[in-house]
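Report on the structure given below.
The values are calculated or read from the model by the stated rules, or taken from the named source; none is laboratory data. The structure displayed is predicted, hence computed values, not measured ones. All Cβ positions, even for glycine, are placed from backbone atoms using ideal geometry, and neighbour counts span all protein chains on display. Side chains included, ligands, DNA and RNA excluded: accessible areas come from the protein's heavy atoms. Shrake-Rupley method; radii C 1.70, N 1.55, O 1.52, S 1.80 Å.
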Amino acid sequence: MIRFDNVSYTYQTADTPAVFNLNFELEEGSFHYLTGASGAGKTTIFRMLYMDILPTAGELHIFGRNVAGLERDDIARLRRRMGILFQDFRLLDHLTVRENVSLPLSLQRCLTPEEEKCVAEILDWVGLGQKMDQHPAMLSGGEKQRAAIARAVVNRPALLIADEPTGNVDQAMGRRIMHLFNELNRHGTTILIATHDQQIIKDFPAPALHIAEGQVSVRKVA
Amino acid sequence: MRFLASLDPSARKALSLRKDSFFRLVVVMMVLLGWISGIGAAGMAGLQNLYADWQLAQKSRVSIYLMPDSSAEEVAHLRDDLSTMKGVRDVIELDQHAVKVLMKPYTRDDVLLPLPRILDMAVTSELDRAALQKRVVDSFPMAEVDDVRDMLKAVATVVRFVQMLTVALALIVFMVMAVIVSLTVHAGLRGKKAALDVLQYVGATDAFLTVLVTRQVLAQAFIGTAGAVVLGCGSLAVASSVWPALQTFMGTNVWLATCAMPVVLMAVAVLTARVASIHVIRKEV
């Protein structure tokens, strides 16, 4: 599903690459963590995964397509098959929770009654059924996180990438979120989670891609 | 067809520019500039009508000025001769009272000044003016045939100049509108950078985002256009009731021009919004 072949990325303002010669693959339906110290290159890998930036060297294949040379519209269409969960949620404050979650489904036409039902069900699933008509400013950090999760999964993505999804919530909420991800993964969604939380990794074991000094190594977690 | 398809309220609201103060200005400027351009175009069309009427009147009459001592017999002979020419519908000799009235501005109260004899001809466009000139001069070498072609040419040049000036002003109005819309879209979308990013991350294409913006400008411009048309037609109605003489020149084309210019302006606004939004989306996101 995802393949990094000798991928490097160097920011325009930097002399050395942020990530160098990355080689790894994510199989369809797999669950991986992405770990590493701050500044190790996790965000760079994430940005390449959602094609905000493209590799400056090597080949990155997403859903079987080499991202080099993709048209902007192709990138948009590939993103529709992904759920992206940002550390800062990126919810739009002028929309209600329901409208934020509806966004990925609203890119073609008005939502069908089935899609509206699906939005309501997902909000129920993340425990925000009672708050769907509130604005994000009225939600707690954990609720925002869950709203962001609902938006990321509402179009049933083939790939979910999440940047520190438990970073802004308490331990109980973090576990609840991880249960949600496990359930999604059981339904076939490929998941990659960037996290610092060793306890989460221990409680929900999965292979970890550890990035250090711009290079990735795979660590099996029992 | 996506442009006309109904879009989900979430997407529309995400990129809504309605609260942007610059964006609200589009309606006001649309009314103002649409009204100015509509009235300008109406003036141009009215001038064209006035000119066409006047030109028709000038072209359909020819006057021949003969010396005061010309004999009645020779004048009658010339009149009969000219009546047979192709393109001549009628030839009459003005009576002395009519000539006196006609010449009064030039003779003032000089009653002793001998008055010319004048043949007044109703002609069509088929008239060969060179042949007419030759026939008249052959009979009366001192006669003068009133040829308005030079004057018509001069007036036509002035009319065309005024019309070109109006077109130039209309272009300036269009450019001003384009600049306003472009600045509005640039400012509005830069203020919506976060929403643009999110929409892109969930898979919105450039075309979809462009449609979201362009439809908003279209809605604003449509309201402005309606206002400009009402204002323009109202202005014409008031003008024609205050100055009834204007009604003669207020043909369908005048009313049409008043309505059409704001519509063209709306098209300019929508086109500019489309180009500006593509530019911002590609540059900013």
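When the stretch B:92-102 is filtered for residues that are over 36 Å from the mean Cα position of the chain (by Cα) and not acidic (D, E), the ones remaining, listed by number, are B:I92, B:L94, B:Q96, B:H97, B:A98, B:V99, B:K100, B:V101.
Every residue, every condition in (1) free of Cβ contacts under 8 Å to residues at least 60 places away in the same chain; (2) more than 22 Å from B:M177 (Cβ to Cβ); (3) touching a Cys at 6+ places or on another chain (Cβ under 9 Å); (4) more than 14 Å from chain A (Cβ to nearest Cβ), yes or no:
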site: B:D8; (1), (2), (3), (4): yes, yes, yes, no
site: B:M29; (1), (2), (3), (4): no, no, no, yes
site: B:G34; (1), (2), (3), (4): no, no, no, yes
site: B:G40; (1), (2), (3), (4): no, no, no, yes
site: B:W54; (1), (2), (3), (4): no, yes, no, yes
site: B:K59; (1), (2), (3), (4): no, yes, no, yes
site: B:A76; (1), (2), (3), (4): yes, yes, no, yes
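Count, please, the residues in the stretch A:82-91 that happen to be assigned to a loop (DSSP other than H, G, I, E, B) and surrounded by 15 or more Cβ atoms within 10 Å (Cβ to Cβ). Number satisfying all stated conditions: 5.
Would you please name the residue that is nearest to the chain's Cα centre (by Cα), looking only at residues in the stretch B:1-54 that are of a type in the set (F, W, Y) and under 29 Å from B:W243 (Cα atoms)? For the stretch B:1-54, the residue satisfying everything is B:Y51. For the stretch B:195-245, a residue qualifies if it is within 23 Å of A:S106 (Cβ to Cβ), more than 10 Å from chain A (Cβ to nearest Cβ) and hydroxyl-bearing (S, T, Y), and the qualifying residues are B:T210, B:T214. Within the stretch A:70-81, residues that are surrounded by 15 or more Cβ atoms within 10 Å (Cβ to Cβ) reach partners that are hydroxyl-bearing (S, T, Y) with beta carbons closer than 7 Å, at six or more positions or on different chains, in the pairs A:A76/B:T205; A:R79/A:Y50; A:R79/B:Y201.
B:I223: more than 20 Å from B:W35 (Cβ to Cβ) and in a helix (DSSP H, G or I), yes or no? Don't jump to the end; show me each part of the working.
Details: more than 20 Å from B:W35 (Cβ to Cβ): no; in a helix (DSSP H, G or I): yes.
Spelling it out, it is not the case that B:I223 is more than 20 Å from B:W35 (Cβ to Cβ) and in a helix (DSSP H, G or I).
The rows are residues; the columns are (1) free of Cβ contacts under 8 Å to residues at least 12 places away in the same chain; (2) over 30 Å from A:N100 (Cα atoms); (3) open to solvent by less than 20 Å² (accessible area, probe 1.4 Å).
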| position | (1), (2), (3) |
| --- | --- |
| B:T157 | yes, yes, no |
| B:M164 | yes, yes, no |
| B:S182 | no, no, no |
| B:L196 | no, no, yes |
| B:S235 | no, yes, no |
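Within the stretch A:49-63, the set of residues being away from chain B (no Cβ under 14 Å) and either under 24 Å from A:E164 (Cβ atoms) or over 18 Å from the mean Cα position of the chain (by Cα) (or both) comprises A:L54, A:P55, A:T56, A:A57, A:G58, A:E59, A:L60.
Kindly indicate whether A:G127 is at pLDDT below 90, open to solvent by less than 20 Å² (accessible area, probe 1.4 Å) and either out of contact with any Ser or Thr (no Cβ under 8 Å at 6 or more places or on another chain) or under 19 Å from A:G188 (Cβ atoms) (or both). No, not satisfied. Based on what the data block shows, is B:G38 crowded, with 16+ Cβ neighbours inside 10 Å and either out of contact with any Pro (no Cβ under 6 Å at 6 or more places or on another chain) or under 30 Å from A:E115 (Cα atoms) (or both)? In short, no. Only residues that are of a type outside the set (D, E, K, R) and more than 41 Å from the chain's Cα centre (by Cα) were counted in the stretch B:117-147, giving 5.
Results for (1) open to solvent by less than 10 Å² (accessible area, probe 1.4 Å); (2) modelled with pLDDT of 90 or more, shown as yes or no for each residue.
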{"position": "A:M1", "(1), (2)": "no, no"}
{"position": "A:D5", "(1), (2)": "no, yes"}
{"position": "A:A18", "(1), (2)": "no, no"}
{"position": "A:E28", "(1), (2)": "no, yes"}
{"position": "A:Y33", "(1), (2)": "yes, yes"}
{"position": "A:S38", "(1), (2)": "no, no"}
{"position": "A:I45", "(1), (2)": "yes, yes"}
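When you scan the stretch A:16-66 for strands (runs of 3 or more DSSP E) that lie fully inside it, which ones turn up with 1 or more residues that are farther than 21 Å from A:A158 by Cβ and either touching an Asp or Glu at 6+ places or on another chain (Cβ under 7 Å) or of a type in the set (K, R) (or both)?
On the way: elements: A:19-26, A:31-35, A:57-62.
It comes to A:19-26, A:57-62.
Residue by residue through the stretch B:237-252, note down the ones that are in a helix (DSSP H, G or I) and open to solvent by less than 60 Å² (accessible area, probe 1.4 Å). B:A237, B:A239, B:S240, B:F249, listed by residue number.
Of the numbered conditions (1) surrounded by fewer than 21 Cβ atoms within 10 Å (Cβ to Cβ); (2) over 22 Å from A:P136 (Cβ atoms); (3) within 14 Å of chain B (Cβ to nearest Cβ), A:V67 fails exactly one; give the number of that condition. Only one criterion is unmet by A:V67, namely (3). Within the stretch B:78-94, the set of residues being touching a residue at least 24 places away in the same chain (Cβ under 8 Å) and assigned to a helix (DSSP H, G or I) comprises B:L78, B:R79, B:D81, B:L82.
Looking at this structure, is B:S71 surrounded by fewer than 15 Cβ atoms within 10 Å (Cβ to Cβ), without any contact (Cβ under 8 Å) to a residue 12 or more places away in the chain and closer than 30 Å to B:P262 by Cβ? The answer is no for B:S71.
Yes/no matrix, rows are residues, columns are (1) touching a strand residue (DSSP E or B) at 6+ places or on another chain (Cβ under 6 Å); (2) not aliphatic (A, V, I, L, M):
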residue	(1), (2)
A:D133	no, yes
A:L139	no, no
A:R156	no, yes
A:I161	yes, no
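Residue count for the stretch A:92-116 satisfying the condition of being more than 8 Å from every other protein chain (Cβ to nearest Cβ), open to solvent by less than 50 Å² (accessible area, probe 1.4 Å) and assigned to a loop (DSSP other than H, G, I, E, B): 2.
When you go through B:R12, B:R18, B:R24, B:R79 one by one, which is the residue that is farther than 30 Å from B:V185 by Cα, open to solvent by 30 Å² or more (accessible area, probe 1.4 Å) and out of contact with any helix residue (DSSP H, G or I) (no Cβ under 6 Å at 6 or more places or on another chain)?
Details: B:R12 fails: farther than 30 Å from B:V185 by Cα; B:R18 fails: farther than 30 Å from B:V185 by Cα; B:R24 fails: farther than 30 Å from B:V185 by Cα.
Criteria check complete, one pass: B:R79.
Mind checking which strands (runs of 3 or more DSSP E) fall wholly inside the stretch A:132-222 and carry at least 1 residues that are touching a His at 6+ places or on another chain (Cβ under 8 Å)? Quick ask: steps written out before the conclusion?
Details: elements: A:159-163, A:190-194, A:208-212, A:215-219.
Filter on the stretch A:132-222 gives A:190-194, A:208-212, A:215-219.
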